[in-house]
Amino acid sequence: MNTNSDTANPLYVGLDVHKEQTVIALLEPDRDAEPRSYGSIATTQHALERAMRRIARQQKRRLSDLHVCYEASGCGFWIARRLLQMGLHCDVIAPSLIPSRSGDRVKTDKRDAAKLARMHRSNDLVAVHVPDAVDEAIRDLCRARTDAVDDLRRAKTRLLALLRRLGYRYDGKTHWTQAHQNYLRSLKLPDAAHNRVLEDHIATIDFHEERIARLEDEMRQLLDGWQREPLVRALMAFKGFKLVAAMVTVSEIGTFSRFAHPKKLMAFLGLVPSENSSGTSRRQGAISKCGNPHARWLLVEQATHYRVPPKVSPQLSERQSGAPRWIRELSWKTQTRLSHRFSVLRKRGLHHNKIKVSIARELAAFVWELGTRFEAKQAAA
């Protein structure tokens, strides 16, 4: 969060942001002062700018004296970006990390805004990273591709469920191969209604496949002008990280150097185990899952690539062509370490899903090392 050392006379502003309106609370820096309600405004850029300028003028302060905070929500980061452009201090607060009292049973918009202003003054809030507008746009494009893959999976599941319910079973080895698709397109069901449903499912699957291909093509086109393209190319030198996986990872994590230690990144991804220890007893449970779900899911899936002995395939060698030597060495170090670790955990009889999560946690550390070293070299250049 922003410090207050650069402001002689700060004014703390808490915003309880909703889709239609935003409630504002003001708080003086004096410890004896209590928050006071300023009122509500429409959740629009024009209304927000006018309210901030009016508050600064009425309280006889500069815009830079206003310290604003609001909870991260579906309203996004446009409020923080606009306020920062105006010269204000603005923090977006992690809602799950806001302290709360068990006996507090009254919740209103005014009380929430006052609570944010009070805790912002006492520095009890945890701010989240505000991504760049272009980075957020690339991230949303990557998530759109993930949504399209999920829609395709659901469409395929519905089609197979229909055929199973009607007693049709494919005798081949694998579903969704070219032979399986030829089998589906040649099916003739006895009822006309079922035939129409079958054709609709096939058309839906074709639509989603074309949608995925179109989104991936747009990702390739936008990658060329993205400021993080060199980091994406560097991550593609790792085993399992093709263009889509590398773009999703970089867009979700953002700036790697904001994590002082790889354990910070592991916690951000929700890959650290939960713990309930007291005294001499120590109990660790499942992973926390309290961080970024998209990047966590991707790393867990990428961990499967390290179940085999280390090897530089022709595809990986092609992706590594032109990469600096230290990136290739780090990629090989990642392969040898994680492959050996995967083998050790498998011999211990650990469940396959637990092995993948453990490997993903260590993979996050190697990705952090690549990102921080790459950003340091870019900054030095």
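Conditions tested, residue by residue: (1) modelled with pLDDT under 95; (2) touching a Lys or Arg at 6+ places or on another chain (Cβ under 9 Å); (3) surrounded by fewer than 17 Cβ atoms within 10 Å (Cβ to Cβ).
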position: D224; (1), (2), (3): yes, no, yes
position: Q227; (1), (2), (3): yes, no, yes
position: V232; (1), (2), (3): no, no, no
position: A237; (1), (2), (3): no, yes, no
position: G240; (1), (2), (3): yes, no, no
position: V272; (1), (2), (3): yes, yes, no
position: E275; (1), (2), (3): yes, yes, yes
position: A286; (1), (2), (3): yes, no, yes
position: R296; (1), (2), (3): yes, yes, no
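For Q178, the criteria (1) free of Cβ contacts under 8 Å to residues at least 12 places away in the same chain; (2) surrounded by 12 or more Cβ atoms within 10 Å (Cβ to Cβ); (3) under 37 Å from the mean Cα position of the chain (by Cα) hold in every case but one, which is (2). When the criteria are applied in full, E199 fails the requirement of being under 23 Å from T334 (Cα atoms) and either free of Cβ contacts under 8 Å to residues at least 60 places away in the same chain or crowded, with 21+ Cβ neighbours inside 10 Å (or both).
On the given criteria, is R158 touching a residue at least 24 places away in the same chain (Cβ under 8 Å), part of a helix (DSSP H, G or I) and touching an Asp or Glu at 6+ places or on another chain (Cβ under 9 Å)? Here the answer is no, as R158 does not meet what is asked. The set of residues in segment 109-145 being more than 28 Å from E252 (Cβ to Cβ) and small (G, A, S) consists of A113, A114, A117, S122. Could you give me the residue pairs with C-beta distances under 9 Å whose first residue belongs to segment 275-300 and is on the phi > 0 side of the Ramachandran plot, whose second residue is at pLDDT 90 or above wherever it lies, and which are 6+ apart or on separate chains? Taking only residues 6 or more apart or on different chains, the pairs are K289/G270; K289/L271; K289/R296. With respect to the conditions (1) within 26 Å of the chain's Cα centre (by Cα); (2) in contact (Cβ under 8 Å) with a residue 40 or more places away in the chain, R153 falls short on a single one, namely (2).
Where helices (runs of 4 or more DSSP H) fall wholly inside segment 173-248, the ranges with 1 or more residues that are more than 30 Å from E318 (Cα to Cα) are 178-186, 192-223.
Elements of the type strands (runs of 3 or more DSSP E) sitting completely within segment 2-120 and holding at least 2 residues that are surrounded by 15 or more Cβ atoms within 10 Å (Cβ to Cβ) and under 29 Å from the mean Cα position of the chain (by Cα): these cover 11-17, 21-27, 66-71, 89-93. Out of segment 218-271, which residues are of a type in the set (G, A, S), free of Cβ contacts under 8 Å to residues at least 60 places away in the same chain and touching a helix residue (DSSP H, G or I) at 6+ places or on another chain (Cβ under 8 Å)? Selection gives A245, A246, G270.
If you go through segment 131-145 and keep only what is assigned to a loop (DSSP other than H, G, I, E, B) and surrounded by 17 or more Cβ atoms within 10 Å (Cβ to Cβ), you end up with just P131.
On the given criteria, is S40 polar (S, T, N, Q) and touching a Ser or Thr at 6+ places or on another chain (Cβ under 7 Å)? So S40 passes the test.
Taking the numbered list (1) modelled with pLDDT of 95 or more; (2) surrounded by 13 or more Cβ atoms within 10 Å (Cβ to Cβ) in turn, A323 passes all entries but (1).
For segment 275-381, the helices (runs of 4 or more DSSP H) that sit wholly inside it and include 2 or more residues that are more than 17 Å from F241 (Cβ to Cβ) are 325-347, 352-380.
Here's the yes/no breakdown for (1) more than 30 Å from L162 (Cβ to Cβ); (2) in the same structural domain as L316 (by TED's automatic domain parsing):
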{"position": "D200", "(1), (2)": "no, no"}
{"position": "D206", "(1), (2)": "no, no"}
{"position": "A213", "(1), (2)": "no, no"}
{"position": "E216", "(1), (2)": "no, no"}
{"position": "M219", "(1), (2)": "yes, no"}
{"position": "A234", "(1), (2)": "yes, yes"}
{"position": "A237", "(1), (2)": "yes, yes"}
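Quickly run through segment 344-364 and pick out the residues that are surrounded by fewer than 17 Cβ atoms within 10 Å (Cβ to Cβ) and touching a residue at least 12 places away in the same chain (Cβ under 8 Å). Across segment 344-364, the qualifying residue is only R346.
The values are calculated or read from the model by the stated rules, or taken from the named source; none is laboratory data. Since the model is a prediction, treat every value here as computed from it, not as a measurement. No Cβ is skipped: glycine too gets one built from the backbone with ideal geometry, and neighbour counts run over all protein chains shown.
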